[in-house]
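Some notes on the structure that comes next.
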Amino acid sequence: MISLTSPVETRAHGWPAWLKLGGLCLASTGLLLTDSPALHLAAAGTTLALYAAPGAVFLRAGLRALRVALPFVAVLLAWHLLTGDAARGVIITLRMVTLIALANLVTMTTGLSEMVDLVRRLTAPLRRMGLPTHLLETAIPLVIRFTPVLIARAERLAEAWRARSVRRPGWRLMLPLMLGALDDADHVGEALRARGGPLGTTARD
Amino acid sequence: MERNIAQIALFAAMVAALGVVPPITLGFGVPISAQSMGAMLAGAVLGARAGAAAMGLFLLLVALGLPLLSGGRGGLGVFVSPTAGFALGFLPAAFVTGLVVEHIRLRSAGLRAALGAVIGGIAVLYVFGATGLSMVADKPLSEAFMLAAVFIPGDLLKAAVTGMLVQAVARIRPQTLGWYRVNAGSLRP
């Protein structure tokens with residue numbers, strides 16, 4: 001599976017995840033509270049500098065991740081031009097892009113295992129309150145493992161359809177895909193139970 | 001219990017797969033993401049609590065940095081982007097779809113699911129989606145609704161497909177639909 005983490009190792013990869021996440025929360029809150037154009041320009045400039053610091057490869061990957069926001073940038077700017085409030089439109093757009101870029105920065109420089117670790121630590125108080133947060137540790141790897149399996153199966157179903165029909169498969173493939181997933185769930189459920197299951201871990205905890 | 005966790009995880013994975021291999025693409029240029037259909041299906045097939053859990057798990061993995069949203073989007077940036085409300089809305093959408101399906105009194109499982117999908121997967125989802133859009137774009141809620149309304153025809157189609165799929169599941173694997181089995185039992189003399 002494609003990963004959203006950075007193609008190059010940066011210095012920020014070594015920083016603790018909670019520090020990056022905390023910084024992101026502070027910066028985002030600050031940006032949402034201010035309407036000053038100077039502050040927003042400074043924030044956007046700083047963010048761009050952060051993207052540029054690790055080098056051209058990192059900058060390109062970061063800009064590629066931001067591309068999905070482009071249609072919204074266009075719509076927002078056009079909308080504000082039409083309503084004759086261009087200055088405000090620029091600030092809103094700038095804030096939006098900076099917020100997304102900062103959040104992406106944390107995602108790009110923090111590995112999945114660190115994030116999962118952070119979730120485990122953050123949910124620890126909930127677990128002490130009796131919520132079954134440890135089930136996440138079973139569920140997260142299952143999703144990561146089965147997403148490519150289901151994608152491959154959907155592609156196989158589409159191929160089989162195309163071998164038999166000139167029409168496009170469309171939603172008809174959803175039924176076999178979903179039934180397959182439900183069958184998988186039965187098998188995985190049995191396998192989990194046979195191995196002591198996610199409930200078994202609670203008993204040991 | 002183990003099976004519930006497996007079903008929740010498998011449905012989260014299925015929603016992710018729907019973002020890569022979309023079964024519905026409407027003709028007018030905009031590829032309609034099938035992932036909101038995944039939210040409808042999760043609620044309608046698994047029920048309110050497990051369906052919401054599946055969507056919560058999916059969103060957690062997106063937040064952790066996996067590119068599971070349609071178009072390969074993912075990471076924390078998703079939750080401050082203009083479509084954040086639609087992504088976060090998957091959870092209540094699946095929950096309300098499940099609630100409707102569990103509590104409405106209709107013979108046909110497909111009709112129940114389609115109705116649940118319209119209420120949960122469209123009405124509830126759009127309330128969250130438009131709220132998010134209006135917050136990020138700093139627009140009044142009414143304008144955000146207008147902007148989002150373009151996608152409602154496609155979503156009605158998805159609700160109809162959800163109904164047909166759940167009807168088929170009720171026929172092929174009725175044991176999967178907890179709400180259907182209970183109700184079918186009570187209908188018998």
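The values are calculated or read from the model by the stated rules, or taken from the named source; none is laboratory data. In this text the structure is predicted, and so the values were computed from the model without any measurement. All Cβ positions, even for glycine, are placed from backbone atoms using ideal geometry, and neighbour counts span all protein chains on display.
The condition (being among the hydrophobic types (A, V, I, L, M, F, W, C), away from every other protein chain (no Cβ under 14 Å) and in contact with a Lys or Arg (Cβ under 9 Å, 6 or more places away or on another chain)) is satisfied by just one residue among A:Ala53, A:Ala42, A:Ala38: A:Ala53.
Just one of the listed residues (A:Arg153, A:Arg145) is part of a helix (DSSP H, G or I), modelled with pLDDT of 90 or more and surrounded by fewer than 14 Cβ atoms within 10 Å (Cβ to Cβ), namely A:Arg145.
For the residues B:Ala84, B:Ala12, B:Ala44, the requirement of being surrounded by fewer than 24 Cβ atoms within 10 Å (Cβ to Cβ), at pLDDT 85 or above and within 11 Å of chain A (Cβ to nearest Cβ) singles out B:Ala84. Within the range A:166-175, the residues that satisfy the criterion of being at the interface with chain B (Cβ under 7 Å from one of its Cβ atoms) and without any contact (Cβ under 8 Å) to a residue 12 or more places away in the chain are A:Gly170, A:Trp171, A:Met174, A:Leu175. The criterion of at least 3 residues that are more than 23 Å from A:Leu32 (Cα to Cα) and either free of Cβ contacts under 8 Å to residues at least 24 places away in the same chain or within 18 Å of the chain's Cα centre (by Cα) (or both) is met by the following helices (runs of 4 or more DSSP H) wholly inside the range B:79-189: B:84-103, B:109-116, B:152-172, B:178-187.
Conditions (1) farther than 21 Å from B:Met135 by Cβ; (2) in contact with a helix residue (DSSP H, G or I) (Cβ under 9 Å, 6 or more places away or on another chain); (3) not assigned by TED's automatic domain parsing to the domain that holds A:Pro148, marked per residue:
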| position | (1), (2), (3) |
| --- | --- |
| A:Leu24 | no, yes, yes |
| A:Ala38 | yes, no, yes |
| A:Gly55 | yes, no, yes |
| A:Ala78 | no, yes, yes |
| A:Leu81 | yes, yes, yes |
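For A:Ala163, the criteria (1) more than 9 Å from chain B (Cβ to nearest Cβ); (2) in a helix (DSSP H, G or I); (3) in contact (Cβ under 8 Å) with a residue 60 or more places away in the chain hold in every case but one, which is (3).
If the condition is being of a type in the set (A, V, I, L, M), over 26 Å from A:Leu21 (Cβ atoms) and more than 10 Å from chain B (Cβ to nearest Cβ), then the range A:74-99 contributes A:Ala74, A:Leu77, A:Ala78, A:Leu81, A:Leu82, A:Ala86, A:Ala87, A:Val90. Within the range A:2-10, is there a residue that is out of contact with any His (no Cβ under 9 Å at 6 or more places or on another chain) and in a helix (DSSP H, G or I)? Checked the range A:2-10: no residue is out of contact with any His (no Cβ under 9 Å at 6 or more places or on another chain) and in a helix (DSSP H, G or I).
Return the total of residues in the range A:33-45 being part of a helix (DSSP H, G or I) and surrounded by 13 or more Cβ atoms within 10 Å (Cβ to Cβ). Counting residues in the range A:33-45 that are part of a helix (DSSP H, G or I) and surrounded by 13 or more Cβ atoms within 10 Å (Cβ to Cβ) gives 6. With respect to B:Val166, determine if the residue is within 10 Å of chain A (Cβ to nearest Cβ), touching a helix residue (DSSP H, G or I) at 6+ places or on another chain (Cβ under 6 Å) and either at pLDDT 90 or above or closer than 30 Å to A:Arg95 by Cα (or both). Here the answer is yes, as B:Val166 does meet what is asked. Flag: A:Val8 does not match the condition of being at pLDDT below 85 and in contact with a strand residue (DSSP E or B) (Cβ under 8 Å, 6 or more places away or on another chain).
The sole residue among A:Val57, A:Val90, A:Val75 that is crowded, with 16+ Cβ neighbours inside 10 Å and in a helix (DSSP H, G or I) is A:Val90.
In the range A:100-115 there is at least one residue matching the filter, namely being surrounded by fewer than 20 Cβ atoms within 10 Å (Cβ to Cβ), more than 9 Å from chain B (Cβ to nearest Cβ) and at pLDDT below 90.
Which of the residues belonging to the range B:101-119 are farther than 19 Å from B:Ala168 by Cβ and at pLDDT 95 or above? Hit for the range B:101-119 is B:Ile119, nothing else. Under the condition of being among the small types (Gly, Ala, Ser) and away from every other protein chain (no Cβ under 12 Å), which residue from the range A:1-22 is surrounded by the most Cβ atoms within 10 Å (Cβ to Cβ)? The selected residue is A:Ala12.
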